[in-house]
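The values are calculated or read from the model by the stated rules, or taken from the named source; none is laboratory data. In this text, all values refer to a predicted model and were calculated from it rather than measured experimentally. Counting neighbours? That spans all protein chains shown, and the Cβs are built from the backbone with ideal geometry, glycine included. For the accessible areas, the whole protein counts, side chains as well, though only heavy atoms, and no ligand, DNA or RNA atoms are used. Shrake-Rupley method; radii C 1.70, N 1.55, O 1.52, S 1.80 Å.
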Amino acid sequence: MRNSLLNLVWARLSVVAITLIALPIIPIAAIQFGFTSPEYLHRGILQGPATLEENIDFFQQYIGYARGLIEANSTNSLVNGLAVGHLLSSSLKITGPIVIIAIMLALSIGLMIGITAFLGRLGRFLATVVLFLACVPIAVFAYLSLEWLSGAADSGATKLLVAAILLSFYPMHLVATATRTLLQDLTHSGNAEFLRACGFNESGILLSQAPKPLALKLLTLTYPAFIFSLSFCFFVETPLGIPGFGQRFFNAIQSLDYPVIIAFSVSGFITLTAIELTLAVVHTVLDPRAKHG
């Protein structure tokens with residue numbers, strides 16, 4: 001495994017460790033600056049001291065909050081009293097399929113649009129349509145689809161599909177643009193010129209040169225698609241009434257539900273870090289240039 005991949009692994013793990021170490025400082029600062037009360041925090045995940053007495057030093061407070069952070073899944077929401085672990089797992093069971101379907105749509109349809117945009121005018125028109133869809137806030141489309149969804153036979157499954165489609169617009173645009181650019185670069189590369197000199201036609205050159213670079217490009221774009229879908233799922237889940245990760249996280253912020261806020265933040269951060277490292281390892285295995293750094 002090349003050094004750059006090892007450096008990436010160490011860097012991401014270091015960020016995770018620093019984040020987990022720094023998180024317990026947040027409630028202490030919130031109390032000290034008057035943003036919340038010790039009694040309120042004591043009811044939830046942080047499990048810190050109920051009062052800030054003078055004989056309780058910073059280290060004791062930090063240890064108490066760090067212990068509560070480690071035991072995140074065994075504590076309850078301050079708003080509805082439900083277990084944080086249950087809220088997190090049930091939210092991910094809803095948002096997870098939405099994100100996965102959105103990424104699959106973005107990669108497959110974006111790839112086809114990018115190829116057709118490279119080949120002719122129809123593809124360029126479709127790429128322009130996708131660009132327009134990506135520029136319009138997805139919450140607008142979500143609200144516009146409410147009336148149609150009210151008459152759907154299976155509104156629950158339909159809402160999930162609509163949410164996935166809306167989340168796929170921007171990553172789809174990225175994939176289509178990257179695919180077209182990559183194919184244009186390949187046709188002007190030195191390898192393409194050599195194959196033309198050997199008598200290969202344009203379609204034969206693309207079939208021999210494009211598949212692996214396209215696969216690596218799609219793999220590279222998968223991580224930004226994950227970040228976008230997980231970060232912006234609130235904008236489709238809230239208008240459509242889907243009780244997923246985004247909606248519950250935003251509701252927790254509005255109600256200052258600290259156990260849910262911290263647990264969802266940490267889990268989302270760790271999930272994205274794990275996805276990034278996994279994709280980096282796969283990319284290193286598939287890309288022969290990685291052996292040479």
- Unique match (being closer than 30 Å to Gly241 by Cα and assigned to a helix (DSSP H, G or I)) among Leu105, Leu111, Leu182: Leu105
- Kindly indicate whether any position in the range 203-215 is of a type outside the set (A, V, I, L, M, F, W, C) and closer than 24 Å to Val16 by Cα. no
- Qualifying residues in the range 235-265 (those that are at pLDDT 85 or above and open to solvent by 40 Å² or more (accessible area, probe 1.4 Å)) - the one farthest from Leu277 (Cα to Cα): Gly241
- Query: Going by the conditions given, is Gly96 assigned to a helix (DSSP H, G or I) and at pLDDT below 75?
  - Reply: no
- How many residues does the range 267-288 contain that are open to solvent by less than 50 Å² (accessible area, probe 1.4 Å) and over 21 Å from Thr19 (Cα atoms)? 5
- Where a residue in the range 186-197 is on the phi < 0 side of the Ramachandran plot and its partner, wherever it lies, is loosely packed, with under 12 Cβ neighbours inside 10 Å, with Cβ under 6 Å and at least six apart: none
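Would you point out which residue out of Leu166, Leu160 is within 16 Å of Phe235 (Cβ to Cβ), part of a helix (DSSP H, G or I) and open to solvent by less than 20 Å² (accessible area, probe 1.4 Å)? Talk me through it step by step, then tell me what you get.
Details: Leu160 fails: open to solvent by less than 20 Å² (accessible area, probe 1.4 Å).
Unique residue meeting the criteria: Leu166.
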- Query: Given (1) open to solvent by 30 Å² or more (accessible area, probe 1.4 Å); (2) assigned to a helix (DSSP H, G or I); (3) more than 26 Å from Glu276 (Cα to Cα), where does Thr220 come up short, assuming only one miss?
  - Reply: (3)
- Query: Can you find even one residue in the range 187-199 that is in a helix (DSSP H, G or I), closer than 25 Å to Ser108 by Cβ and open to solvent by 30 Å² or more (accessible area, probe 1.4 Å)?
  - Reply: no
- Message: Filter the range 243-256 down to the residues that are under 17 Å from Leu166 (Cβ atoms) and in contact with a Leu (Cβ under 7 Å, 6 or more places away or on another chain) and list them by number.
- Response: Phe245
- Task: Determine whether Val175 is assigned to a helix (DSSP H, G or I), closer than 13 Å to Ile103 by Cα and touching a residue at least 60 places away in the same chain (Cβ under 8 Å).
- Result: yes
- Residue among Ala176, Ala142 that is touching a Leu at 6+ places or on another chain (Cβ under 6 Å) and of a type in the set (A, V, I, L, M): Ala142
